[in-house]
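To start, the structure under review is shown below, and the notes come after it.
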């Protein structure tokens, strides 16, 4: 199957979300509640079920943690380099800097499943789970550097994705059994997460609101869609990751930015419209860039 056909269903679901909101007049409240359902219930269930069901060793998880930290460090360094080079307005930069290293987990888990089956999706789930706390710390810190550190700590400790990941790794390493009926419930909840999540991404797409920050936005888009996947290739080679983990790390590096970046910026007094248009641009362009990088990764 061609790489383009692998990514097409996900972007069709994103397009469906855009149509439902913009043309069929599904309300914003509907998608806000749907996204909250995904974030607090469905997606944690998917993470927990995916990570727990495949045996992992502490050594393999540690190697993936090294890869994740190295990749995120590259992204954070690259976006903050824009400050001395472009000298943008500080709040605009703090708002969209997160778009350079945050990632759309719904697209990532769906494509990992399409590429490599449940084993690939499990590797992606581990990568996502390990990266969430570090990406969130960087994003929150950028918007709230003058805030007490406790606020950042609360954001991390209460994050449902982090809670699900830590619990799943504990269950996996300690071989704690999960009752069959609970496992089935988690599986069915997780099966709903990706499709609903992708439609919510489509509903948030916007191409207005980025005026006056074209150079900064271009810098962030290049970091997210070009530099990050290139760094993932180098890191996977340098750490001598197994072929599957190397491919999934490349996919992770090539993902567009998370729609939750807009929510965080708006909630913390940042430039929400600028984040929304940057997120939208990376999502639209990813239709081209993800097949390009995956073609390289499979060869």
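Computed quantities for the displayed model
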quantity: Estimated FRET transfer efficiency (residue 54, residue 188; beta-carbon r; R0 22 Å; 0.05); calculated: 0.75
quantity: Cβ crowding within 10 Å averaged over residues, with 64-70, 273-279 ranked highest first; calculated: 273-279, 64-70
quantity: Helix-derived mean residue ellipticity, 222 nm - over the chain, DSSP H n ≥ 4, -39500 (n - 2.57), to 500; calculated: -25500 deg cm²/dmol
quantity: Alpha-carbon gyration tensor eigenvalues x 5, square-rooted, for the stretch 1-44, Å; calculated: 24, 17, 4
quantity: The chain - percent relative contact order, Cα under 8 Å, separation 6 or more; calculated: 33 percent
quantity: Neighbour-count order for 52, 25, fewest beta carbons within 10 angstrom listed first; calculated: 25, 52
quantity: Residues 259, 27 arranged by fewest to most Cβ contacts within 10 Å; calculated: 27, 259
quantity: Largest-first ellipsoid semi-axes for the stretch 251-299, taking √(5λ) over the Cα gyration tensor eigenvalues, angstrom; calculated: 27, 10, 5
quantity: Order of 102, 224 - criterion: other Cβ atoms within 10 Å of each residue's Cβ, fewest first; calculated: 102, 224
quantity: Segment residue 230-residue 77, extension gain: residue separation times 0.36 nm, minus the distance between their alpha carbons; calculated: 53.6 nm
quantity: Distance in nm between pseudo-label sites at residue 89 and residue 25 (7 Å out along the Cβ direction from Cα); calculated: 3.5 nm
quantity: Alpha-carbon spread of the stretch 3-298, three principal axes, descending order, Å; calculated: 54, 47, 44
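Bear in mind these aren't lab numbers, they're just calculated from the coordinates by the rules spelled out. Bear in mind that the values here come from a model prediction, so they are computed numbers and not experimental data. Note that we place each Cβ from the backbone using ideal geometry, even for glycine, and neighbour counts take in every protein chain shown.
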